[in-house]
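The values are calculated or read from the model by the stated rules, or taken from the named source; none is laboratory data. Predicted, not measured: the structure shown is a model, and the values here were computed from it. Cβ sites come from the backbone with ideal geometry, for glycine too, and all protein chains shown count toward neighbours. Heads up: the accessible areas ignore ligands, DNA and RNA and are worked out on the full protein's heavy atoms, side chains in. Shrake-Rupley method; radii C 1.70, N 1.55, O 1.52, S 1.80 Å.
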Protein chains: 4
Amino acid sequence: MAGNSFGEIFRITTFGESHGKGVGVIVDGVTPGLELQESDIQVQLDRRRPGQSFITTPRVETDEVHILSGVFEGKTTGTPLSMVLYNSDHNPAAYDDIMDKFRPGHADFSYLKKYGIRDHRGSGRASGRETAARVAAGAVARKLLEARGVSIVAYSKRIAGIECQTYDPAAIENNLLRACDSEAALLMMEKIKLLKEQNDSAGGIVECRINGLPAGLGEPVFDKLDAEISHAMLSIGAVKGIEFGAGFKAADMCGSEHNDDMDRSGFITNNAGGIVGGISTGAELLFRVVVKPTSSIAKPQRTVNLKGEEVEIITEGRHDTCICPRIVPVIEAMACLVLEDHFKRQAAMFG
Amino acid sequence: MAGNSFGEIFRITTFGESHGKGVGVIVDGVTPGLELQESDIQVQLDRRRPGQSFITTPRVETDEVHILSGVFEGKTTGTPLSMVLYNSDHNPAAYDDIMDKFRPGHADFSYLKKYGIRDHRGSGRASGRETAARVAAGAVARKLLEARGVSIVAYSKRIAGIECQTYDPAAIENNLLRACDSEAALLMMEKIKLLKEQNDSAGGIVECRINGLPAGLGEPVFDKLDAEISHAMLSIGAVKGIEFGAGFKAADMCGSEHNDDMDRSGFITNNAGGIVGGISTGAELLFRVVVKPTSSIAKPQRTVNLKGEEVEIITEGRHDTCICPRIVPVIEAMACLVLEDHFKRQAAMFG
Amino acid sequence: MAGNSFGEIFRITTFGESHGKGVGVIVDGVTPGLELQESDIQVQLDRRRPGQSFITTPRVETDEVHILSGVFEGKTTGTPLSMVLYNSDHNPAAYDDIMDKFRPGHADFSYLKKYGIRDHRGSGRASGRETAARVAAGAVARKLLEARGVSIVAYSKRIAGIECQTYDPAAIENNLLRACDSEAALLMMEKIKLLKEQNDSAGGIVECRINGLPAGLGEPVFDKLDAEISHAMLSIGAVKGIEFGAGFKAADMCGSEHNDDMDRSGFITNNAGGIVGGISTGAELLFRVVVKPTSSIAKPQRTVNLKGEEVEIITEGRHDTCICPRIVPVIEAMACLVLEDHFKRQAAMFG
Amino acid sequence: MAGNSFGEIFRITTFGESHGKGVGVIVDGVTPGLELQESDIQVQLDRRRPGQSFITTPRVETDEVHILSGVFEGKTTGTPLSMVLYNSDHNPAAYDDIMDKFRPGHADFSYLKKYGIRDHRGSGRASGRETAARVAAGAVARKLLEARGVSIVAYSKRIAGIECQTYDPAAIENNLLRACDSEAALLMMEKIKLLKEQNDSAGGIVECRINGLPAGLGEPVFDKLDAEISHAMLSIGAVKGIEFGAGFKAADMCGSEHNDDMDRSGFITNNAGGIVGGISTGAELLFRVVVKPTSSIAKPQRTVNLKGEEVEIITEGRHDTCICPRIVPVIEAMACLVLEDHFKRQAAMFG
């Protein structure tokens, strides 16, 4: 209701603020008997962690996960799995000079209007730091999905106007941008360095491919698989759009082009992106999201302060020039959460 | 859980199939004391009704709404508002020749895999006819929103590759395509006629503008206003993507371009589309969805039958060449449902 | 949220008022492929129907169920099952003389305070007539449970101060009170006749026994099986209390008495009533509810009217002298809804 | 879904096990701007804390609460309030001798059947220790309710067969049993000492009175205020029944006795216990729950072990002879959670 929970059966609730004591998550509905240790979670958190490279924020957080409950003798018990990441590098004072100004592109203004409270410490609850809790929960869903034979991979498809020309899965974790094309990655890096020097930032497109799904996953009408994935993805602060399969190109296609014909071996094309009528078809589930350029830039911008006076603002601090490489594990995590939930919903119906 | 309900406080549950006895909706959480009569609903249903023009399906349905409960002496009582539209032109036999074939672009295959049951009668529950129930419910939400000073308007922005060049609100309900540009509408009509002759169909882009919203609407983290609108829109069968404000263009913008600066009078630009951090900013809420071309076409296509044999299929019948004009009221209805729900969620927090 | 839905996976939403067009229910989450026809529902509705005997209200309602959706070719499809019972004997005018008075024991006063609206027509939504919709939905759950080997039986244990001395399952459906002891039933009848002559009414205790449940059903902490059954039972207007197993007697027992010891064949006693820690033990699930005497009596009572003036009221009309026999199928229905939902929740966890 | 959350708008999720790292709770939907510090919570936790007297378990837990998020500069922010109580006296080894035996009256058997996992450490998640998290959350709800003018008080009404003869609110917190009659309390103490010497335990009845509620609180049909309170109370492990107002005595009353007549000043009697038709009447909300005798007793009992062999068991350890005094704050906490949630639900409807 208040927006901090996600999922129906495999359901998470996150808590915590950017510069409070920590962030965390309760995962309810975990299958009992799953072998789980903190290192299973840590490996995914490390992919999202700040300070990975010159592109990403130098904020120093080890993001070490602590399991507080739900695991006994190395296995999940079916009771709530709670995990906490204590903040180490919380320095609210760093935000004192902007505490009465609304940062452009940030939720400062809309949050104040909603709650009547201003938590100026690095966006408080609206901070991207909250997504660490999602990655922790997603790592559990991923373990369950992998046991089902499902693979989930996301990567930067386009950054700062440069598009990947090939899809090379091996490249993804071998360049700082998590791009699927090593050559394009080099060009992207050049462009990002330039933007960084200009105190500016870059956006991009992240694509996600999920394989190994059976046909028949998803619920009809309102909880279509694509509707729920869209909900999940647009719940990530920097994401401003999503498209499945042929996506926005479908606007210019005619039916005979867009329809995916079938033959004995299955679907011949995949313009639908693996979902028809909201239910998985068994083809590769394919979607793309657009990631806006990082809002925090050190370039002077125009804004107003709490008194309504027009002022200039420079958002100093430790920020990612491009958030794409660190958003990749968040997107994978959210996809995992939706999928594991839908596997369980499908089981429930026949249970 | 099973996907037929939407909303938290202002919550709807739809039921019914394309060629069963009818479709309907229960709206729970309606504000008591709202003046409401069937004609308030009918006016919106008439915008979605089949048989409006040569573009749309000639299926004959008056789509007459019957309120079964929740209204007493012309006012809502706060108890469940139930509405039914009985099907008049249900003719399951018309589907006999395709009952054992999977229609490309339709949910026939994925539904069978999900439920183990094949309801071949015009898509059954997956039919676009289900959206009539949403429009009925949306009309109630719209009445409540209008009393709050909120206006919601959607229209065809692009059809069959032709884009509107102007935004003329007066044009929208005065052309068969509900396009926001009368001249573009003429070109679109020519293109659609051609496609119809070729037994083919067209897709498009529908844009929606919402004005009069206060800043502060939406829930943080998972139930961001844009996340919930995306969920709502992607729950419409033909919608394959959504973008807010600058949308996918944000991928190529840098932060200093995309950030919406503020001055004393508010936001100077609206690349965010009226939502930052998932919470409304008070600026115009602006989004676009892509609508795939109608799947049912009379052109021969390749598919398989229930036995797995490769066959040819021609989806005869009564279908819209382009669904955009009829999807406009559905998109408005879904937007209304999300917004009224979030007004009530906001009230609940402080209640 | 607004209180008209029940269940998580097997979930119902009821609608309709006592003297409106009808009452009905949407059942979402029905297992696909269940053979179901209207007569499966009707048999349970007939047990709850008014006009069964001189004890019950002479209101003439055939309570004929109409399935509007969710069944195709005699089997459930997994999509929402909607059922309607149209009111035939609705005569709102009969309530004109009490339209401005608060009937003692009725929800007239509290509903007005809640909604700011007065629907004086025979309690409107608060009428016992709403429970017909629950019985219809419960009949579906019962079919699923019977296929699992679960049996559910409720009966009058005590009426008007007279307690059954034996438990004879065969007696239950063979006396007008659905008492489990034919001899006690005769005494109860005498007492009820007397109360009826005095324009008064009787309360009682209904007991419910459920057999064939596996151990392990129910959720921990907040959704304990007994917590959910209590929720279900207290949601029936006339029910004012519930107890499991030894129930209120447990207050005076010591631990060594109340604990159910185990031997090789299972639990030796059943003071727990088949639930420990909120989870079924596999022993008989046993609970009792107290049913208050019918509020509508033709005896003069003191009350106030809408203006706050003290007035006398006589609730003429067609009312049950004792509601116990007609509440029995409602109690069974609510128990079925809880149990089927928990079977599916258990399946979901491991799904 | 998995049973670890409670409430719709003011919603809590608890986590943690008896002998793990700690127990905790996330409270979502807290009104922003509420002044809140750890001492507001601690005062209620101290009432539930073990080791208060010779009656209660000597387990040494300070139950010190730590707020991890949701409070900034001494006020709630509207974001999730998370609180943790770290376990200090966790000694799983103490349970080694019973790790393969099912303790009578405990959830050992039913949990194993549900999860397929045995967490033998002092009941794990099923431990009464989980209720500390509820008390912490309830303390927040209580602050909000007190600002609304609502008072909530529970007390032991009957213990070990001895009933309070008077209702003296001042007595409650001045005797170790939280009984509402000081003289009865002395007799109860004698009886409990005796039972303790006999390695046995006592049950009782706890009554709760809530004053200051407006008329009109509660939702119709399934979420009646009494239904939700029953759900809340029966979710406490040791509670086996509940009754409102006249309760089980209503079974023997006739309608003219049980109906609460009204005069100008309100209801003349309160057999309904302050709720009619599931909605509050504005009269005192009054209910009683039965608390079973503590299951853990050092008296030898018959049971079986994991191999199914019949064995004798003595549940040594640190247990309350009578749980009533420590369950009082838990009952108050659960009542507070239900009520605050319903205030917000009422606001939502008109919001």
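Per-structure values
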item	result
Any hit, segment B:72-87, residues being in a strand (DSSP E or B) and farther than 29 Å from B:Ala2 by Cα	yes
For B:Cys164: the one exception among (1) within 14 Å of chain A (Cβ to nearest Cβ); (2) touching a residue at least 24 places away in the same chain (Cβ under 8 Å); (3) more than 28 Å from A:Glu228 (Cα to Cα)	(2)
Subset of segment C:310-351 that is among the basic types (Lys, Arg) and more than 22 Å from C:Leu217 (Cβ to Cβ) - its residue that is modelled with the lowest pLDDT	C:Arg318
Verdict on D:Glu73 being surrounded by fewer than 19 Cβ atoms within 10 Å (Cβ to Cβ) and in contact with a His (Cβ under 8 Å, 6 or more places away or on another chain)	no
Qualifying helices (runs of 4 or more DSSP H) (wholly inside segment C:164-277; at least 2 residues being modelled with pLDDT of 95 or more and farther than 29 Å from C:His106 by Cα)	C:182-197, C:255-258
Total residues in segment A:201-222, condition charged (D, E, K, R) and open to solvent by 10 Å² or more (accessible area, probe 1.4 Å)	1
Single match in B:Glu17, B:Glu8 (criterion: within 13 Å of chain A (Cβ to nearest Cβ), under 30 Å from A:Phe10 (Cα atoms) and crowded, with 23+ Cβ neighbours inside 10 Å)	B:Glu17
Test: residue in segment C:196-209 that is within 17 Å of D:Lys240 (Cα to Cα) and away from chain D (no Cβ under 14 Å)	yes
Selection count where residues are within 14 Å of chain A (Cβ to nearest Cβ) and in contact with a Ser or Thr (Cβ under 9 Å, 6 or more places away or on another chain), scope segment B:29-56	1
Any hit, segment A:83-95, residues being within 26 Å of D:Lys113 (Cα to Cα), open to solvent by 10 Å² or more (accessible area, probe 1.4 Å) and in contact with an Asp or Glu (Cβ under 8 Å, 6 or more places away or on another chain)	no
Wholly within segment D:282-351, strands (runs of 3 or more DSSP E) carrying at least 2 residues that are away from chain B (no Cβ under 14 Å) and open to solvent by 30 Å² or more (accessible area, probe 1.4 Å)	D:310-313
Filter pass, C:Val239 being open to solvent by less than 10 Å² (accessible area, probe 1.4 Å) and within 7 Å of chain D (Cβ to nearest Cβ)	no
Residues (open to solvent by 20 Å² or more (accessible area, probe 1.4 Å) and either at the interface with chain D (Cβ under 7 Å from one of its Cβ atoms) or among the small types (Gly, Ala, Ser) (or both)) located in segment C:247-258	C:Phe248, C:Asp252, C:Met253, C:Cys254, C:Ser256
Residues of segment B:131-150 satisfying the condition of being open to solvent by 10 Å² or more (accessible area, probe 1.4 Å) and in contact with a helix residue (DSSP H, G or I) (Cβ under 8 Å, 6 or more places away or on another chain)	B:Thr131, B:Arg142, B:Lys143, B:Leu144, B:Arg148
Every pair of residues 6+ apart whose Cβ atoms lie under 6 Å, when the first sits in segment D:105-121 and is under 22 Å from C:Ala347 (Cβ atoms) and more than 7 Å from chain C (Cβ to nearest Cβ) while the second is aliphatic (A, V, I, L, M) and in a helix (DSSP H, G or I)	D:Arg118/D:Leu112
Scan of segment B:259-281 for residues that are of a type outside the set (Val, Ile, Thr), within 7 Å of chain A (Cβ to nearest Cβ), buried (at least 22 other Cβ atoms within 10 Å of the Cβ) and free of Cβ contacts under 8 Å to residues at least 60 places away in the same chain, ordered by number	B:Asn259, B:Asp260, B:Met262, B:Gly277
In segment A:45-87, the residues that are more than 23 Å from the chain's Cα centre (by Cα) and at negative phi	A:Leu68, A:Ser69, A:Val71, A:Phe72, A:Lys75, A:Thr76, A:Thr77, A:Thr79
Residues of segment B:168-189 satisfying the condition of being touching a Gly at 6+ places or on another chain (Cβ under 9 Å) and open to solvent by 30 Å² or more (accessible area, probe 1.4 Å)	none
Enumeration of residues in segment B:151-167 that are open to solvent by less than 20 Å² (accessible area, probe 1.4 Å) and more than 17 Å from the chain's Cα centre (by Cα)	B:Ala160, B:Cys164
Members of segment B:35-70 found to be open to solvent by 30 Å² or more (accessible area, probe 1.4 Å) and part of a loop (DSSP other than H, G, I, E, B), listed by number	B:Gln37, B:Arg49, B:Gly51, B:Gln52, B:Phe54, B:Pro58, B:Val60, B:Thr62, B:Glu64
